[in-house]
Amino acid sequence: MKDSLRYAAEWTSYAVEQRKAWASEAPDYALIVIEPDLAELPPVRPPWQRLLLPDEPSMHDLADALRAVGDDPRTRGVVLHLRALELPAATLESLRSHIAELRAQGKRVIAWATQYGTGSLYVASSCDEVLLQKGGGIAPLGVMRTYPFLAGALEQVGLRFDAVPISPYKSAADTLARRDMSSESRAMATWLIEGAYEEFVQALAEGRSLEEGALKAVIDGAPYTDLEAVEHGLVDAIVSEERLPTHLADRDEPAVVERWQRARKAVVPRPPARGARHIGLLRIEGMIVDGESRHAPRGAPGIPLLGGDARAGDRTVVQEARKALEDDDVAALVVWIDSPGGSATASEAMAAALDAVAERKPVLAVMGAVAGSGGYYVATPARHIFARPGTITGSIGVLSGKMVVSGLLDRMRINREVIARGEGIRIYDGDRPFSTEEEAIVRRGIQRTYDVFVARVAASRGMSIEDVEAVAAGRVWTGRQALAHGLIDTLGGLDDAYAMARELAGLGPRAARREIHLRRDRIGPLAGLATAAAVASGLAPATSLAASLETMLLLERANALCLCPQLVFGAPRLV
């Protein structure tokens, strides 16, 4: 009855909007601004925050906008106003896939920008036409990563991180424990950079109809002025935003180009989904911790080194998985993973809960920018794993360690007296590094966790332990490399997973997708209006720092960590 009433309300709203849209004159082109902070999914926010704060851009909303334009026979296409897209490669790949879908519907997609960098040019190359503002240009092109090492700086203040990784490839702690890059980390960083660079070159060559060898020389010669950009075939024409209607004219009549905020009222909406049975969406975003999930407050900058973004807690995710299992209307479950991992025990708890769902319903996993180590661990229950070519994944491995603070305390003239009973009670005491015997004990513990991890991957992927070992031990891969190694099934994103989930569950193409939520979602480290006040007053960085420190304390309690090196460095971004 409840679902019937909801559907009736949705259909009534749709009918009203449809009538208004058909009564309006649809523009020839909808102009959509693609902001630098575009996220894959809308942020998780309580109702009061949705009322007080403006909407944040997301790929989910952008895809809906592009589909609406594609469905309306009166529109000719869209103009994408591309800002400086400092986004992970996987997010840009999602955007390109939505552009390809719209073009397949016979609509034109025009890229326009004041200046193109690697990321925006990568997206623009998938469009029908690439336009540049007069006096703009092409920024330096390519892919670059910087890897900081803090061991020397920590020693200056009397600190030392004592790391015990399962192998040299498990390098998540290297930034704290080393002064420079190990040969294993260098090899891994090189194949990741080369993978990202080749994806960029191939996409640009195909989109701009350029030969790859000549294109690499063009890339090496950047930056370029607007005139040089046209000469090298990177853009098609130099046009101001004000002259777009004339440039896009049809039969000497200027095209009508309207911003999406206004155009959306004239574009015919899609009808609401039918039926109570639907596809569930469960998010695992941010650091994986033992405890509750928390979502980053709007406007608070992430602090990757300290895990300052959203975090996924086993207590929350396990309950969400059980909710999906018990709800008969959830016909299949899609798990969205954008996480560098974290606590090994929390990862196992989440995976075990998803295993239970997978015994009764189809479970599919979709990887975002990063789904490594614990982020890969929680994907193992899935029947099918999707990832973008630029997704960072793998990092099947475990590490442990502790920060040794005795040097700092000595410099501060702080004397310590410890009274303890139990031979092993001080093994993680930060007053001293691991002894040889203690390191052997720690290594035995992480070896057990690693064996469980590898066995889980082998069972999930239908591989032998030896085959998993060959690509595990902490090695990190791009999505395309992971596909070649058998760690994922398909290069794709959320829409591909939804389509497969509907097919596996026997649902029609219009079946709804609904996110799994508990009644209480915790947003940031401050409750209620305090979060909004912090953002409004400019205290969001302090709010994010508080969340970061809280996350670090939770990770410190987890002696075995399944962490990807991208914890520190983030996903590759095509700037």
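The values are calculated or read from the model by the stated rules, or taken from the named source; none is laboratory data. Bear in mind that the values here come from a model prediction, so they are computed numbers and not experimental data. Backbone-built Cβ (ideal geometry, glycine too); neighbour counts: all protein chains shown. Note: areas computed on protein heavy atoms with side chains; ligands, DNA, RNA excluded. Shrake-Rupley method; radii C 1.70, N 1.55, O 1.52, S 1.80 Å.
Structure notes:
- Cross-chain or 6+ apart pairs with Cβ under 6 Å, region 422-434 first and touching a residue at least 24 places away in the same chain (Cβ under 8 Å) and in a loop (DSSP other than H, G, I, E, B), then of a type outside the set (K, R) and open to solvent by 50 Å² or more (accessible area, probe 1.4 Å): G430/M403
- Selection within region 493-537 - on the phi > 0 side of the Ramachandran plot and at pLDDT 85 or above: G506
- First in region 446-466 and under 15 Å from A352 (Cα atoms), second anywhere and assigned to a helix (DSSP H, G or I) and among the small types (G, A, S), Cβ under 8 Å, 6 or more apart: T449/A344; F453/A344; R456/A351
- Entirely in region 358-405, the strands (runs of 3 or more DSSP E) that have 3 or more residues that are out of contact with any helix residue (DSSP H, G or I) (no Cβ under 7 Å at 6 or more places or on another chain) and within 25 Å of I166 (Cα to Cα): 399-404
- If you filter region 445-457 down to residues that are aliphatic (A, V, I, L, M) and open to solvent by 10 Å² or more (accessible area, probe 1.4 Å), you find that the one that is farthest from S347 (Cα to Cα) is A455.
- Boolean, V405 is modelled with pLDDT of 95 or more and either open to solvent by less than 20 Å² (accessible area, probe 1.4 Å) or not acidic (D, E) (or both): no
- Among the residues making up region 156-213, those that are more than 23 Å from the chain's Cα centre (by Cα) and of a type in the set (G, A, S) are G158, A163, S167, A177, S182, S183, A187, A205, G207, S209, G213.
- Residues that are modelled with pLDDT under 80 and not in a loop (DSSP other than H, G, I, E, B), drawn from region 25-50: P47, W48, Q49, R50
- Single unsatisfied condition, D309 versus (1) of a type outside the set (G, A, S); (2) at pLDDT 95 or above; (3) surrounded by 22 or more Cβ atoms within 10 Å (Cβ to Cβ): (2)
- Evaluation of R510 against (1) crowded, with 18+ Cβ neighbours inside 10 Å; (2) among the basic types (K, R); (3) over 24 Å from G341 (Cβ atoms) (one fails), failing number: (1)
- The set of residues in region 185-222 being more than 30 Å from A472 (Cβ to Cβ), surrounded by fewer than 16 Cβ atoms within 10 Å (Cβ to Cβ) and not acidic (D, E) consists of S209, G213, A214, A217, G221.
- Filtered residues of region 92-116 (kept if open to solvent by 10 Å² or more (accessible area, probe 1.4 Å) and either more than 25 Å from the chain's Cα centre (by Cα) or not acidic (D, E) (or both)): R96, S97, H98, A100, R103, A104, Q105, G106, K107, R108, T114, Q115
- Remark: pairs (first residue in region 480-503, in contact (Cβ under 8 Å) with a residue 12 or more places away in the chain; second residue of a type in the set (D, E) and assigned to a helix (DSSP H, G or I); Cβ separation under 9 Å; 6+ apart in sequence or on different chains) = R480/E198; R480/E199; H485/D467; G486/D467; T490/D496; L491/E93; G493/E93; D495/E101.
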